[in-house]
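These notes are about the structure you will find just below.
The values are calculated or read from the model by the stated rules, or taken from the named source; none is laboratory data. Only a predicted model underlies this, so the values are computations on that prediction, with no experimental measurement involved. Heads up, the Cβs are rebuilt from the backbone with ideal geometry, glycines too, and the neighbour counts pull from every protein chain shown. Heads up: the accessible areas ignore ligands, DNA and RNA and are worked out on the full protein's heavy atoms, side chains in. Shrake-Rupley method; radii C 1.70, N 1.55, O 1.52, S 1.80 Å.
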Amino acid sequence: MAGLKIMQVQPDTMLASGTQFYLDQFEQISDKLPGQNVDWLQSSRNNNLARFGKNGFPTQKDEDWRYTPLKPVTGKAFNLKSAPTSGVEHEDTRSQSALRPIPGLNCHRLVFVDGFPEMSMSDIAGLDGKVSVRSLSEVLAEDPETIRDLLDSVVGESSHGFAALNGALHQDGLVVMLEEGAILSMPLEVVYASNQELTLVQPRNLICLGKGAKAQIIERTVSLSDSSCLHNSVTEVILNEGSELDYYLIQDQSRSSYQVCGVWARQKESSRFSCHTVTFGGGLVRNDLRSEMTGPGAHCDMLGVYSLSAKQHVDNHTTMIHGAAHCTSNELYKGVLDQRSRSVFHGRIKVEKDAQKTDARQSNNTLLLSRDAEIDTKPQLEIYADDVKCSHGATIGQLDETSMFYLRSRGIDPDVARSMLTYAFVNDVLGQIKIEPLRDYLEKALGEQLIREKKLFGQTK
Amino acid sequence: MLTVNNLHASVDGKAILRGINLKVNPGEIHAIMGPNGSGKSTLANVLAGRDNYEVTSGEVVFQDQNLLEMEPEIRAREGVFLAFQYPVEIPGVSNLYLLKAAINSVKKHRGEEELDAMTFLKLIKEKAALVEMKQEFLYRSVNEGFSGGEKKRNEILQMALLEPHLSILDETDSGLDIDALKIVAHGVNTLRNESRSMLVVTHYQRLLDYIVPDYVHVLAHGKIIRSGDKSLALELEAKGYGWIEDHASAA
């Protein structure tokens, strides 16, 4: 049997009640989580725990989770680590390549492994005095009052069970605070790596930009091994008047991992929030992106690219709330689905009564490379104002045979032709990434993935 | 160079080519003329290896090899080039990228070294000048938003770059004004030499004023019903296809 690896779930890791398992875990581990001496945080944790205990995990009976089977996630016993593993192995090539910086990208960097900061790989030196980039545990230890009114202020109580679980049992995370007019001179990259089998990683991020402040932040989730982990993150974004945030979520975990990622944003007058989600990896990925524009003239972009194969499942839920007049939003999600992969897109746009002159666009386009792939796409528009422009559209298609023949008739290999056309399909979304080395990196990663999967593309004719 | 023996082909079960015989020697230009629906474009597409054209019988020998057994990309690498009647627009793929991928796959196949970026750029600028194509077109998506004339010039640019042994021009003159026609013809004539052959598929004689053929074949109902030299094209122009079809059925 040497060399043959059998993947199987051990019976003792399957749970009858996922919810009870995590409630018990809270009992065991809560005194080791960040912010022990911070009373308001403890009560927030308790509130979230109570909510999680009451509602539990969502199921497919919930409309918002209808197309995403959660059994593989909620049925497994993932454990929160109480302390960093000493001497994390980064010697194998997979770890090295996963943690390698993006070529040509000059950036500040913060690396977490299994939920704990890995300072030897981080570099946040030389920041402007008006810019603060710290880990959540550091902020909670040093001056917790600075985030008291901010943490857990955007997510709200109506969020789903995963967010409540994060609220109760979150670990460390990223806290970025920019004072009025401050500008982050280089992009900030935060890397969340999971490593040990059946680890639960629960990052909690807080990004708050003062008036007119500007920042670019890249959040990358990777796996250091083929182990099965659950990454359940919550990020809150607060954008004050005229501030601008470009936020890039790069999801590239192993195929045996799960990721539930929530980003909740609140935007004041004339702020701009641009969120790009690029998903290559992960066995099951669920993203909930929500932005509430509370001040007039705000703008929000939600752009997404996903390229999936095997039995990968990616579910993107977006909620765009136009709560004030003259706000604009643009959503464009493009997916390439091969083999038995599946994606879900649910785009909700809500235009409140006073949000006149709203301009909201939404579009979801899918390229199916296999007959067994599946997409469920659903727009949901709720409009309570009368002077608005809202549009939505969804397309599903296959590679154009004529284009394939055209490229082949110029001597180009069918596999290369396929990847050229596939790449062209998502190019207009990737093209909107403003950080050039990141864009190059993703274009290359996508190209390599398409070539790597070439034998899986089906017949070459 | 190319020998076509009793070639039959059908599209969606409908017989289009019903026994084509044709021999093209190195350095020759053959014009294929004929009325609409006679099978001209089918012949061009069958030679380039397009899917959904089914060869039901006959053979095609290209440089001592069985052409019909080759995949389209192999035909291209071996030196067959089809200039499309309707060049395809491919948004998101830059013209330059396509050209580079094409030339390098041909070079690789021939055991030659692939071109580095500098050498390629120099070469492509030289070829673009041949068809009077502005450099900005190289950086745009393939054929996207190009006019009819620009698309056809782009085809000739690809042809000039790949230097095929056998070029098949499928109604390259359609949709061209006289200036664009002259540019295209100039590009084609520059490529003309004693080792390269061409099949020029056209409905009208006009193109043949600029690309002068050695032979003219008239195709009707899937067969070559008459062959001659360039004067045949002029005669056709004067008398129309009806004349020759009547002539053929009477014979």
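Rounded, prolate or oblate: which fits the stretch A:24-294 when a ≥ b ≥ c are the square roots of the eigenvalues of the alpha-carbon gyration tensor, with rounded for a/c under 1.5 and prolate only if a/b beats b/c?
Rounded shape, in that the Cα axes give a/c under 1.5.
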With R₀ set to 30 angstrom, the calculated FRET efficiency between the beta-carbons of residue A:180 and residue A:353, to the nearest 0.05, is 0.45
Which whole-Hz couplings ³J(HN,Hα) result when phi for each residue of the stretch A:374-383 is put into the Karplus expression 6.51 cos²θ - 1.76 cosθ + 1.60, θ = phi - 60°, listed in order with x for Gly and Pro? 9, 10, 10, 10, 8, x, 9, 10, 10, 10
Cα atoms only: what Rg and Dmax, in Å, come out for the stretch B:77-199? 13.6, 40
Counting only protein chains, not ligands or nucleic acids, how are A:276, A:160, B:109 ordered by accessible area (probe 1.4 Å), most first? B:109, A:160, A:276
Cα-Cα over 19 Å, subset of B:14/B:40; A:71/A:350; A:334/A:378; A:130/A:214; B:100/B:122: A:71/A:350
The stretch A:200-271 to the stretch A:130-170: how many Å between their Cα centroids? 13 Å
Please list, short to long, the whole-number percent of alpha-carbon pairs of the protein assembly as shown in consecutive 20 angstrom bins beginning at zero. 16, 40, 26, 15, 3, 0
Kindly provide log₁₀ I(q)/I(0) values, in the same order as q = 0.09, 0.16, 0.17 Å⁻¹, from the Debye equation applied to equal alpha-carbon scatterers of chain B. -0.39, -1.22, -1.36
Evaluate the distance, in nm, between pseudo-label points positioned 7 Å from the Cα of residue A:434 and of residue A:63 along their respective Cα→Cβ axes. 3.6 nm
With every protein chain present, what accessible area does residue B:221 have (1.4 Å probe, heavy atoms only), rounded to the nearest 10 Å²? 130 Å²
Which of rounded, prolate or oblate describes the stretch B:32-112 when judged by the alpha-carbon gyration tensor and an a/c cut-off of 1.5? oblate
Mind listing the long-range amide H neighbours of residue A:396? Cut-off is under 5 Å, sequence gap 5 or more, other chains count too, H placed in the peptide plane at 1.01 Å from N. A:366
Please identify the helices of chain A, taking whole runs of DSSP H, that span at least 15 Å along their own axis as judged from the Cα atoms and have a mean Kyte-Doolittle score of 0.5 or higher. A:414-430
Non-local amide H neighbours of residue A:306 (under 5 Å, H modeled in plane, Pro and chain starts lacking H): which ones? A:279, A:334, A:335, A:336
Any chance you could run the full-extension gain for residue B:23 through residue B:114? It's 0.36 nm times the residue separation minus the Cα-Cα distance, nm to one decimal. 29.4 nm
HN-Hα J couplings of the stretch A:204-211 from phi, Karplus 6.51/-1.76/1.60, θ = phi - 60°, integer Hz, Gly and Pro as x? 10, 10, 9, 10, 10, 9, x, 3
Which residues' amide hydrogens lie under 5 Å from the amide hydrogen of residue A:260, considering only partners 5 or more residues apart or on another chain, with H built in the peptide plane? A:231, A:232, A:233, A:286
Partners for residue A:353 among aspartates and glutamates (Cα-Cα distance below 13 Å; same-chain residues under 8 apart left out): A:382, A:386, A:387
The stretch B:169-230 and the stretch B:25-58 have their Cα centres apart by a whole-number Å value of 13 Å
DSSP beta bridges in the protein assembly as shown [antiparallel fraction, %, rounded to 5]: 20 percent
Would you kindly derive the ³J(HN,Hα) couplings of the stretch B:53-59 from the backbone phi angles with the Karplus curve 6.51 cos²θ - 1.76 cosθ + 1.60 (θ = phi - 60°), listing them in order in whole Hz, with x for Gly and Pro? 10, 9, 7, 9, 6, x, 9
Label-point separation (nm) for residue A:143 and residue A:54, each offset 7 Å from Cα along Cα-to-Cβ? 3.6 nm
